[in-house]
Amino acid sequence: MASSAKPCIICVAITGSLPRKENNPAVPISIAEQVESTQQAFEAGASIAHCHVRNDDQTPSSDPEKFARLMEGLKKHCPGMIVQLSTGGRSGAGRERGGMLPLRPDMASLSVGSNNFPTRVYENPPELVDWLAAEMLRHDVKPEIEAFDLSHILQALAMQRDGRLAGPLYVQFVMGVKNAMPADRAVFDFYVETMKTRAPDAEWCAVGIGAAQLQLNEWAIAAGGHTRTGMEDNVRLDRDRLAPSNAALVQRAAELCEKYERPVADWRQARALLGLAEG
């Protein structure tokens, strides 16, 4: 293992809004299931938990009380792990999407522009983006910029320049969503170069959706970035096998880190890289 290589942060997106037990029985839905699944992923090498919450019927929710119970469980069973709550648009509308920010999680996702999703438009109007960003500043929550398009990266850089976002940034490239940016190597390389030249103090991450998950894990790790895995994005190990757990997907990413001589970041290293207090 190359001791001089930057540690790779592995984020685990444990459940999301869409995957259901019918898709894979191992998808964690209840708070207890999510805490147990995250603890296993934490022990496998994940240092960030990207969190959504669900109702009993598996539909998505943005209920701050559910988020509070999840945070309590994660802090107890995954001490030091970075808790990142989702402000995504499938779980609520308008300012409801930021109702959990007063809980002061370590991080929260922030989409700074709109784009197409498989069956609808993912709407992130400027007024809502500015409000969410202001709430994150107010509650000292570090945003993870979810970039579904090049314009989202450039918009985040502009928002940092004018003070709407605190730096240094953490930008995640999302590739493989149907009707949005595909998993395209030339585009990925351009994203990486854009971050290096325009935001050299920033950290970046990449995530692939569905079959693109493993590909983006490898591209990101090989290129010196960070990566995300987990059942929110993909419920399979391959075409023929369901993933048995979130931990199995984290372990697969950790094995890629070994392949490219990147140490897997523990929670202290991840917090140092992202400028977060030790909690």
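The values are calculated or read from the model by the stated rules, or taken from the named source; none is laboratory data. Since the model is a prediction, treat every value here as computed from it, not as a measurement. Note that each Cβ is placed from the backbone with ideal geometry, even for glycine, and that neighbours are counted across all protein chains shown. Heads up: the accessible areas ignore ligands, DNA and RNA and are worked out on the full protein's heavy atoms, side chains in. Shrake-Rupley method; radii C 1.70, N 1.55, O 1.52, S 1.80 Å.
Expressed in units of 2.2 N^0.38 Å, where N is the residue count, the Cα radius of gyration of the chain is 0.91. If Lys and Arg each add +1 and Asp and Glu each add -1, what is the summed charge of the other residues whose beta carbon sits under 9 Å from the beta carbon of S47? Local net charge: +1.
Among the trypsin sites (Lys or Arg not before Pro) in the range 175-253, those located in a DSSP loop and surrounded by at most 14 other Cβ atoms within 10 Å of their own Cβ are K178, R239.
With both residues required to sit in the range 1-110, DSSP beta bridges show an antiparallel share near 20%. Each Cα pair under 8 Å and six or more residues apart adds its sequence gap; the mean of these over the residue count of the range 182-242 is a relative contact order of 28 percent.
Along the axis of the charge dipole computed for the range 72-200 (Cβ charges of +1 for Lys and Arg, -1 for Asp and Glu, origin at the Cα centre), the listed residues N115, A186, P105 are led at the positive end by P105. Taking only protein heavy atoms and a 1.4 Å probe, the accessible area of the range 99-176 is 52% carbon and sulfur. Using θ = phi - 60° in the Karplus curve 6.51 cos²θ - 1.76 cosθ + 1.60, the 3J(HN,Hα) couplings for the range 62-68 round to 10, 5, x, 5, 5, 4, 5 Hz; x is entered for Gly and Pro. Taking each residue as 0.36 nm, the span from E33 to R120 lengthens on full extension beyond its C-alpha to C-alpha distance by 28.4 nm. Full extension of the chain segment joining S4 with A211 gains 71.4 nm, where the gain is 0.36 nm per residue of separation less the Cα-Cα distance.
Magnitude of the charge dipole for the chain, about its Cα centre and with charges confined to Cβ atoms of Lys, Arg (+1) and Asp, Glu (-1), is about 40 debye. The Cα center of the range 181-195 and the Cα center of the range 232-279 differ in position by 21 Å.
Restriction of the trypsin sites (Lys or Arg not before Pro) in the range 20-112 to DSSP coil positions whose beta-carbon has at most 12 other beta-carbons within 10 angstrom yields K21. Straight-line reach from K142: which lysines have Cα under 26 Å away, leaving out those fewer than 8 places along the same chain? In chain and number order, the partners are K6, K66, K75, K76, K196.
Quick check: net charge around D57, other residues with Cβ under 14 Å of its Cβ, Lys/Arg +1 and Asp/Glu -1? It works out to a net charge of +1.
Rolling a 1.4 Å probe over the protein chains gives E218 an accessible area of about 50 Å².
The GluC sites (Glu not before Pro) found in the range 230-271 that occupy coil by DSSP, while having at most 15 further C-beta atoms within 10 Å, are E261. Given axes a ≥ b ≥ c from the Cα gyration tensor, I'd like to know whether the range 178-279 is rounded (a/c under 1.5), prolate (a/b larger than b/c) or oblate. Oblate. Across the chain, the mean sequence separation of Cα contacts (distance under 8 Å, 6 or more residues apart), normalised by length, yields a relative contact order of 25 percent.
Counted over the chain, the DSSP beta bridges are approximately 20% antiparallel. Note that the chain presents 42 Å² accessible area per residue, ligands and nucleic acids not counted, probe 1.4 Å. Our coupling estimate for the range 28-41, obtained by passing each phi through the Karplus curve with A = 6.51, B = -1.76, C = 1.60 and θ = phi - 60°, is x, 10, 5, 4, 4, 4, 5, 5, 4, 5, 5, 4, 5, 5 Hz, Gly and Pro reported as x. Nearest 0.05, what FRET efficiency do E255 and R138 give at R0 = 41 Å with Cβ-Cβ as r? My answer for the efficiency is 0.55.
Let me check I've understood the local charge: for G99, count other residues with C-beta under 12 angstrom from its C-beta, Lys and Arg +1, Asp and Glu -1. What total comes out? Intermediate values should be presented prior to the final figure.
Values: positive: K66, R95, R97; negative: D63, E65, E96, E135.
Net charge in that neighbourhood comes out at -1.
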